[in-house]
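Participant: Here you go, one structure.
The values are calculated or read from the model by the stated rules, or taken from the named source; none is laboratory data. All figures in this text were calculated on a predicted structure; none of them were measured in a lab. So basically every Cβ, Gly included, is an ideal-geometry build from the backbone, and we count neighbours across all protein chains shown. Each accessible area value is taken on the protein alone, full model and side chains, heavy atoms only, with ligands, DNA and RNA left out. Shrake-Rupley method; radii C 1.70, N 1.55, O 1.52, S 1.80 Å.
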Amino acid sequence: MHPVSQGGGKTGGPRLWAAVRRYPRTLREDLWTVARDPLPRMRWLGRLPHAHVVLAAVLLGWLNAVQGEGYSGPATMTAVLVLAVLQSGAVVLALSRPVPAWWLSTIALFLARNTGTLQVSHAPLWSWSVPGTALHALVLLLLALRVRPRAAAEALVLSLLAAVAALAFLAPVPEEALLPGAATPVLETSSQDVTVAQEVVIFVLAVVVGTSLRGRRVARTQLVELEVVTAEERGRRTLLEERNRIARELHDVVAHHMSVISIQAQVGPHLVKEPTDELKENLAGIRGSAVEALTELRRVLGVLRSEDALADGVRHAPQPTLARLDELVGPVRGAGLTVSTEVTGEPRPLSPGVELSAFRIVQEALSNAIRHAPGAEVRVAIGYRSGGVTVRVANSAPVRPTPPSPGAGHGLLGMHERTTMLGGELATGPTPDGGYEVTAILPAQAARPADPEPGDPAP
């Protein structure tokens with residue numbers, strides 16, 4: 001024998017023996033529990049299947065109790081009736097506690113079989129009665145719908161062993177115990193073999209169907225959970241992408257102003273005829289702080305530029321403002337939309353962040369109109385006020401069916417982020433005529449953090 005084979009035999013034997021020793025504990029964990037595991041409701045039918053199960057249990061229980069009409073003696077008929085009620089009750093119990101219901105059905109079915117054969121007035125074709133077999137198969141089905149396939153297979157094997165045990169304890173029917181005129185039952189070995197085979201098929205089908213339905217339900221539940229997680233992750237990624245985009249644009253705006261401050265501080269001493277040392281020192285400090293802040297800003301936010309595959313000329317192009325509104329509207333009109341613009345109030349320069357955000361909000365709103373409202377009329381209104389600017393973009397109902405929109409969608413999320421960043425207000429929603437409207441109110445200057453209260457530590 002090869003050494004590998006010897007090693008495999010040495011390791012395989014103890015593992016197999018350990019698995020055999022652990023199996024009783026595994027079986028106890030699977031089938032020795034009274035835990036509550038209610039049958040879940042269906043999406044469309046609700047509790048209707050539960051009502052059907054209860055109705056089936058009542059009808060099959062009644063048919064099972066009818067088997068006692070050929071029994072002699074009130075005690076036997078009472079026992080058969082009680083066991084029939086227990087079998088039907090096991091089906092109802094299986095709706096909430098499948099494992100205890102299976103134990104109850106198996107024990108009641110075993111007792112009912114032996115009780116019935118002592119006084120039955122006809123030759124049995126099944127090791128159990130047809131209604132009793134159907135009730136137990138229904139319990140196995142309800143059990144397989146909730147427990148793991150291993151536990152369902154264990155319950156199936158124990159049910160078949162109970163059937164074999166019922167036949168093993170089967171006693172011949174005394175002829176004098178039959179009702180007058182009843183035929184003597186004849187039990188042959190071949191008939192019993194066919195009977196067990198029929199029960200095997202019925203119980204196996206019940207377990208296979210239940211296990212398959214459970215697997216489908218578990219897979220559907222996992223798919224729904226995966227879709228929820230994917231949607232949350234997609235939304236989180238979209239938010240981060242939009243914030244990165246805003247950060248890149250703000251980097252350009254802030255970097256420009258910090259560069260201007262640095263240059264002005266450097267040129268300042270040359271604009272004074274005889275600058276004092278204090279002035280030179282202060283201007284040098286201002287320039288040094290500006291250069292340091294610009295360096296830190298480029299180190300933290302400038303790295304976001306690496307994600308863009310744009311040409312250097314496009315990267316360093318001036319950021320757009322509302323003065324380029326006509327350039328923005330032109331391509332939209334070329335896409336088939338009728339766009340009208342209206343500017344109210346006295347146009348005046350705004351802070352770079354507000355100008356950029358207002359332009360991007362109009363751009364995103366027009367892009368959404370192109371995707372979701374083909375052939376619609378779009379109205380763009382810019383209103384300058386003393387405290388800021390109002391941007392309103394509204395489109396009418398689409399004249400053609402809306403094609404499916406690919407991607408996660410950044411438009412509304414970007415508008416909300418930009419408006420919140422500036423301390424403004426944003427309102428979006430459908431219009432009564434079937435269109436859509438976006439209204440943003442932006443302050444003239446971006447909102448600044450609140451000044452620290454007296455006594456607060458300096459940042």
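Participant: Kindly state, to the nearest 0.05, the FRET efficiency for R150 paired with S367, given R0 = 41 Å and r defined as their beta-carbon distance.
Facilitator: After rounding to 0.05, the efficiency reads 0.15.
Participant: Between A219 and R41, what is the spin-label point distance in nm, taking each point 7 Å from the Cα along the Cα→C-beta axis?
Facilitator: 2.6 nm
Participant: Test of understanding: what is the full-extension gain from E233 to V399, defined as 0.36 nm times their sequence separation minus their Cα-Cα distance?
Facilitator: That pair, E233 and V399, stretches by 56.3 nm at full extension.
Participant: Heads up, I need the accessible area for S367: 1.4 angstrom probe, whole protein in place, Å², nearest 10.
Facilitator: We get 40 Å² for S367.
Participant: For labels at Q198 and V253 in the simple 7 Å Cα→Cβ model, what's the distance in nm?
Facilitator: The two pseudo-label positions are separated by 8.4 nm.
Participant: For R15 and A56, FRET efficiency with R0 = 41 Å and r from the beta-carbon atoms, rounded to 0.05?
Facilitator: Result of the calculation: an efficiency of 0.35.
Participant: How long is the gain from R348 to E274 if the chain were fully straight, where each residue apart is worth 0.36 nm and the alpha carbon distance is subtracted?
Facilitator: 22.9 nm
Participant: Next question. Taking the highest mean first, how do the peptides 332-339, 54-61 order by number of other beta carbon atoms within 10 angstrom per residue?
Facilitator: Highest to lowest by the protection proxy: 54-61, 332-339.
Participant: Would you calculate the separation in nanometres between label points at L412 and V66, each defined as 7 Å from the Cα along the Cα-to-beta-carbon direction?
Facilitator: Label-label distance for L412 and V66, simple model: 6.1 nm.
Participant: Within the set of other residues whose C-beta is less than 13 Å from the C-beta of L337, count the net charge using Lys and Arg as +1 and Asp and Glu as -1.
Facilitator: Combined, the nearby Lys, Arg, Asp and Glu give +3.
Participant: Could you calculate the contour length gain from T420 to E327, that is, 0.36 nm times the residue separation minus the distance between their Cα atoms, to one decimal place in nm?
Facilitator: 30.8 nm is the gain from fully extending T420 to E327.
Participant: Can you work out the accessible area per residue across the stretch 227-277, with the rest of the protein chains kept in place, probe 1.4 Å, in square angstrom?
Facilitator: Per-residue accessible area for the stretch 227-277 comes out at 68 Å².
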